[in-house]
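This structure is in structure tokens; I'll ask about it shortly.
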Amino acid sequence: MADCWQLLAQMTGKGILADEITLNTFLRGYVKLRDMKSAGGLLGWGPEKKSPAFFAKLWAEGSLEPNMRTLSLFVEGYAAVGQMGAAGAAFDKLKQMGSPDVRTANDLICGYMRKGQLDEAKKVEAEMKDLGIDANAFTMNWLLRGLCRSGKMDEALKKYNDLVEKGISPTIETMTSLVNGFVEKGDMKMAVKVFDELEEHALKPTASVMTDLVKGFCRAGNLKTAWQMLGKMKKRGLLTTKALNLFIAGCVKNADMVQAHATFNAIEANGLAPNVHSYVALMRGYASIGDAQTCKDLIDKFKKTNLQPSMDLYNQLIEAHLKRTDLRAALEAMRESNLQPDVNTYNLLIMFCRDHQDLSGAIGFFECIEKDGLQPTDSSYGALLHAHAACRDIDGLYKRFREMKRKGITPTVYHHQAIIVAHINGGRMDDAVTAFEDMREAGVQEDGKVYNVIIKGFSRLGMQERATEWRERAKKNGFVIQ
């Protein structure tokens, strides 16, 4: 932009006056650079005064007047850098001068969508209709994708149908968003239907949209169809490590470690490279069954790659050792990682101590979280609260419960359940029932597990009539207790 200012100086030196076109040329340059401080400084707006307000002076003298193109550029620039308040204000000024064009309205919609402000984007769409601005493919596609990201699939489907009826072709990004939205909702029937309509719109499937379908089928436990989709990806030359990682995770979820490991090996067999997520996905399965040796073998293999190790990788080995009740080996694995333990590492250790009624150990690992500069999560507190409950330390439990709330962590049913369990372990069923009612008054929805805890508590004390009463209450509220 320095050269532009030199040219301007030469122009004015020769008596050539700057006008609105000159202003907009400078403004377009700053917008392309995403330098909105300097852009605002052209007219004396904002803190930047480098120009030194050359155009602002001409404006004040009446030699030039910012026009609709000027304000459209401000909308584009502010929206691009996420300054949506300024972008909206520029759009409002633009409306006072006349009807904005569809491109400017789209710039504003895109800005709101990038910030996740769907409602504001929809307001702009409504304004477009009021101003007689016809939405184009860009408008419709962006809004549709925003609806999908927000999980508003009924509204997204209606928008999609409107788009097709108007003869506007959806983009592959829009169709991918639709597929992904239905996958996240768990509606694989609709996800497949949208995918099958790609050809109708002369669109070719991408690795991204096919990977979304693999994810959805794996989540639904439909590994056969997921495998078929991987075959289609391979045939099209679109097979990716990410898609195979998802299938590994699906196999692990189904406890099929033979297929999980075979898929891991298939990554390299297909000319791809396994990444950290590949190793973690496979190791998570071996960790769940306590196969520490295979986890260690995979880490040894990982070390031979150029990949950067992550604590998540070692957490799988740590969990495998803990499944075998070998705390010493777990701690040794943590040290050998030469990495900073993360909060999930400590959560695993706290849960181990909880399960073995080692309250002092649980507290010690919990305190390590903050000593290492980390923040306890709701899972950290959940495990610790249940450790207090298992050891009948009701006072310590309430102290930690209050501490958790002070730190801004909203108690869940699992946290309240710890209080209920603590009272039951102490034989105080009336207090347990009171804790249950306190939970409901706090707006926390109960689940079948908490009913089961109370029913077992009454049964253990020989209070079968009360146990039956609570079983009926659970049934009335939609929970089936075995």
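How many residues does region 89-109 hold that are over 16 Å from P66 (Cα atoms), surrounded by fewer than 19 Cβ atoms within 10 Å (Cβ to Cβ) and not acidic (D, E)?
2
OK, next. How about region 417-438: which of its residues are open to solvent by 20 Å² or more (accessible area, probe 1.4 Å) and either within 15 Å of K449 (Cβ to Cβ) or of a type outside the set (D, E, K, R) (or both)?
Q417, V421, N425, G426, G427, V433, T434, listed by residue number.
Can you tell me which residues in region 216-232 are part of a helix (DSSP H, G or I) and surrounded by fewer than 22 Cβ atoms within 10 Å (Cβ to Cβ)?
Scanning region 216-232 gives R219, L223, K224, T225, W227, Q228, G231, K232.
Cβ-Cβ distance below 9 Å, separation of 6 or more or different chains: which pairs start in region 28-55 with a residue that is within 17 Å of A89 (Cα to Cα) and end on one that is modelled with pLDDT of 70 or more and not in a helix (DSSP H, G or I)?
M36/V81; M36/Q83; A39/L33; L43/P66
To continue, here is another question. For region 6-21, give me each residue that is part of a helix (DSSP H, G or I) and in contact (Cβ under 8 Å) with a residue 24 or more places away in the chain.
L8, E20
OK, next. Against the condition crowded, with 16+ Cβ neighbours inside 10 Å and over 21 Å from L282 (Cα atoms), how does S208 come out, does it pass? Even if it seems obvious, please write down each step before you answer.
Working: crowded, with 16+ Cβ neighbours inside 10 Å: yes; over 21 Å from L282 (Cα atoms): yes.
Considered against the rule, which asks whether it is crowded, with 16+ Cβ neighbours inside 10 Å and over 21 Å from L282 (Cα atoms), S208 comes out as yes.
Yes/no matrix, rows are residues, columns are (1) assigned to a helix (DSSP H, G or I); (2) modelled with pLDDT under 95; (3) closer than 24 Å to Y381 by Cα:
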position	(1), (2), (3)
E403	yes, no, yes
H423	yes, no, yes
V433	yes, no, yes
M439	yes, no, yes
E472	yes, yes, no
F479	no, yes, no
Q482	no, yes, no
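Something else: Is one or more of the residues making up region 354-372 crowded, with 17+ Cβ neighbours inside 10 Å and closer than 19 Å to Y286 by Cα?
No, that holds for no residue.
Is it the case that some residue within region 139-150 is modelled with pLDDT under 95 and on the phi > 0 side of the Ramachandran plot?
No, there is no match, as no residue in region 139-150 is modelled with pLDDT under 95 and on the phi > 0 side of the Ramachandran plot.
Out of (1) in a helix (DSSP H, G or I); (2) surrounded by 17 or more Cβ atoms within 10 Å (Cβ to Cβ), what's the single condition that is false for P274?
Here P274 clears every test but (1).
Next question. Scan region 295-315 for residues that are in a helix (DSSP H, G or I) and within 19 Å of T345 (Cα to Cα) and jot them down.
C295, K296, L298, I299, M311, D312, L313, Y314, N315
Report yes if K407 is in contact with a Pro (Cβ under 9 Å, 6 or more places away or on another chain) and over 26 Å from R328 (Cα atoms), otherwise no.
It is true that K407 is in contact with a Pro (Cβ under 9 Å, 6 or more places away or on another chain) and over 26 Å from R328 (Cα atoms).
Quick one: what pairs do we get from region 84-100, first residue of a type in the set (K, R), second outside any helix (DSSP H, G or I) and open to solvent by less than 60 Å² (accessible area, probe 1.4 Å), C-beta under 9 Å, 6+ apart or different chains?
Correct list of pairs: K93/P66.
The values are calculated or read from the model by the stated rules, or taken from the named source; none is laboratory data. Keep in mind that what you see is a predicted model, and the values were worked out from it rather than measured. Note: ideal-geometry Cβ built from the backbone for every residue, glycine included; neighbour counts use all protein chains shown. Heads up: the accessible areas ignore ligands, DNA and RNA and are worked out on the full protein's heavy atoms, side chains in. Shrake-Rupley method; radii C 1.70, N 1.55, O 1.52, S 1.80 Å.
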